[in-house]
Structure formats: C-alpha cells, structure tokens
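Below you'll find the structure, written out as structure tokens, and then a few comments.
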Amino acid sequence: MRTLLFNPFEKYSDKILIIFGLLFTLIGGYWGFVFNARFDGVIDLHFVKNVSIYNPLLDIGIDILTLTICLFVIGKLINNKTRCIDILSATMIARIPFYFITFFNANNKAYAISEGILTLAKSNQINTLEASGIFYLMIMTFAIIASLIWSMVLLFNGFKTAVNAKETKHTLFFIGALISAEILSKILIITLN
C-alpha cells in the first residue's frame, strides 16, 4: 500500500500510470469546475466565486505541460536516456492529491469563509471571526499541507525513478525545475485567461 501511495512508479507500467493520470486529470478538471477551483500554478489551488468548465482543465493542462517540460529538460541533463512519458506520468500522478482539496469548497464554503476574512480584515474586525470558520480553515489548511507534501513526494519519486537521480545536485536541479515551472505556469495561465 505504501508503494501505491508514495511511489507507484516502481510497481506500475508507464501505460497504466498514463491512463490513471489522464483519468484523474479529467476528474480533477471536472471537480475544479463543480467546486469553483482554479489550479493557477504548478503548486497552487485557489477557490473563486465561479469558473467556466474550461478554466480548471486549461489550468491543469498548463501546469502539467510546464512541469513536464521543465523536469524533462533537467532529466535529460542528468540522464540522456530520460523518457518524456515517464516524466509526464510522474507529473500527472503527482497532481492527484490537489484534486481532492476541491471538496473543501462544496457550496462555495471555503470561498465564502476566505471572503469573510478579507472583509473583516479590511474593516479591522478580524477578532470577530466565528470559531466554526477558524476550525474549518484549520482543517482545510492541514489537508492542503498534507496534499502538498504527498504531491511533492510523488513527484520527486517519479522524477528520481525516471532519471535515475541519486546525487544531491539532482535534488537541487529538481527544486530549480519545480520553481521554474511554477513561475512559467503562472505567467501562461494569466496570459491565456
């Protein structure tokens, strides 16, 4: 079970991983639409008042594409036998934890709470926030942090397997590629929306 959750790349073929990744990409895009989520960066998720059906899918597509390209370029520098399909599958599988976070915005709850906090902050009345809202945000924050960690473990394990990364400098290259992909994806999403 541990392998399935944290390193499925060692156990499953690239075809199964790609199919599973594509399936969850579509499901994640649909959940993003239903729960008004924008995946507006490789490691970002924000809730908004409304989204059109194409926004979450476009966001996810840009995120996957930019992350795959950045990691593939670094992967080729580390190991010229690196295959794009292995990096693509790692990227798609690593995004799955983010999709489950969308459920926190059922009935626009997370959006309403965050907007309420902004309104209270603007009027200097932040101390009047309800305990239930604070508790909800704490649970959601914990889930987001756990999902981010899970996603990064999946991505790093997929990258490590794909490029046969073993050295500390490979980890630093991975981090650099991740930061580059985050910046590039944000620019592309802002430009295309």
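Table: residues versus (1) over 28 Å from VAL163 (Cβ atoms); (2) of a type in the set (D, E, K, R).
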site	(1), (2)
THR91	no, no
PRO97	no, no
ALA110	yes, no
GLU115	yes, yes
SER123	yes, no
SER132	yes, no
SER147	no, no
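Applying a threshold of 6 Å to beta carbon distances and a minimum spacing of six or more residues, or different chains, the list of pairs starting in the range 18-34 at a residue that is at pLDDT 95 or above and ending at one that is surrounded by fewer than 15 Cβ atoms within 10 Å (Cβ to Cβ) reads PHE33/ILE53. The set of residues in the range 53-100 being more than 15 Å from MET152 (Cα to Cα), acidic (Asp, Glu) and within 15 Å of the chain's Cα centre (by Cα) consists of ASP59 alone.
Is it fair to say GLY176 is open to solvent by less than 50 Å² (accessible area, probe 1.4 Å) and without any contact (Cβ under 8 Å) to a residue 24 or more places away in the chain? Give the derivation first.
Numbers: open to solvent by less than 50 Å² (accessible area, probe 1.4 Å): yes; without any contact (Cβ under 8 Å) to a residue 24 or more places away in the chain: no.
No: the conditions fail for GLY176.
Between residues in the range 1-16 that are among the aliphatic types (A, V, I, L, M) and residues that are open to solvent by 60 Å² or more (accessible area, probe 1.4 Å), which pairs lie under 9 Å by C-beta distance while being six or more apart or on different chains? That search, which allows pairs on different chains as well, returns LEU4/LYS11; LEU4/TYR12; LEU5/TRP150. The numbered conditions (1) of a type outside the set (Lys, Arg); (2) open to solvent by 50 Å² or more (accessible area, probe 1.4 Å); (3) in contact (Cβ under 8 Å) with a residue 60 or more places away in the chain; (4) not in a helix (DSSP H, G or I) are all true for LEU88 except (4).
Residues checked against (1) touching a Phe, Trp or Tyr at 6+ places or on another chain (Cβ under 9 Å); (2) over 28 Å from ILE179 (Cβ atoms); (3) open to solvent by 50 Å² or more (accessible area, probe 1.4 Å); (4) not in a loop (DSSP other than H, G, I, E, B):
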site	(1), (2), (3), (4)
LEU4	yes, yes, yes, yes
ILE16	no, yes, yes, yes
ILE19	no, yes, yes, yes
LEU22	no, no, yes, yes
TRP31	yes, no, no, yes
VAL42	no, no, no, no
VAL51	yes, no, no, no
ASP59	yes, no, no, yes
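The number of residues in the range 133-165 being open to solvent by less than 70 Å² (accessible area, probe 1.4 Å), aromatic (Phe, Trp, Tyr) and farther than 16 Å from ILE85 by Cα comes to 1.
Looking at LEU67, is it more than 17 Å from ILE149 (Cα to Cα), assigned to a helix (DSSP H, G or I) and modelled with pLDDT of 95 or more? Steps first, please.
Numbers: more than 17 Å from ILE149 (Cα to Cα): no; assigned to a helix (DSSP H, G or I): yes; modelled with pLDDT of 95 or more: yes.
When the stated conditions are applied, LEU67 does not pass them.
Within the range 143-169, the set of residues being in contact (Cβ under 8 Å) with a residue 24 or more places away in the chain, within 15 Å of ILE78 (Cβ to Cβ) and among the aromatic types (Phe, Trp, Tyr) comprises just one member, PHE159. For the range 121-142, the set of residues classified as part of a helix (DSSP H, G or I) and either aromatic (Phe, Trp, Tyr) or modelled with pLDDT under 75 (or both) consists of ALA121, ILE126, ASN127, THR128, PHE135, TYR136, PHE142, listed by residue number. Scanning the range 70-85 for residues that are open to solvent by 50 Å² or more (accessible area, probe 1.4 Å) and not in a helix (DSSP H, G or I) yields ASN80, LYS81, ARG83.
The values are calculated or read from the model by the stated rules, or taken from the named source; none is laboratory data. Every value quoted in this text rests on a predicted model; they were computed, and no experiment measured them. All Cβ positions, glycine included, derive from the backbone under ideal geometry; neighbour counts span all protein chains shown. For accessibility, only protein heavy atoms count, side chains too; no ligands or nucleic acids. Shrake-Rupley method; radii C 1.70, N 1.55, O 1.52, S 1.80 Å.
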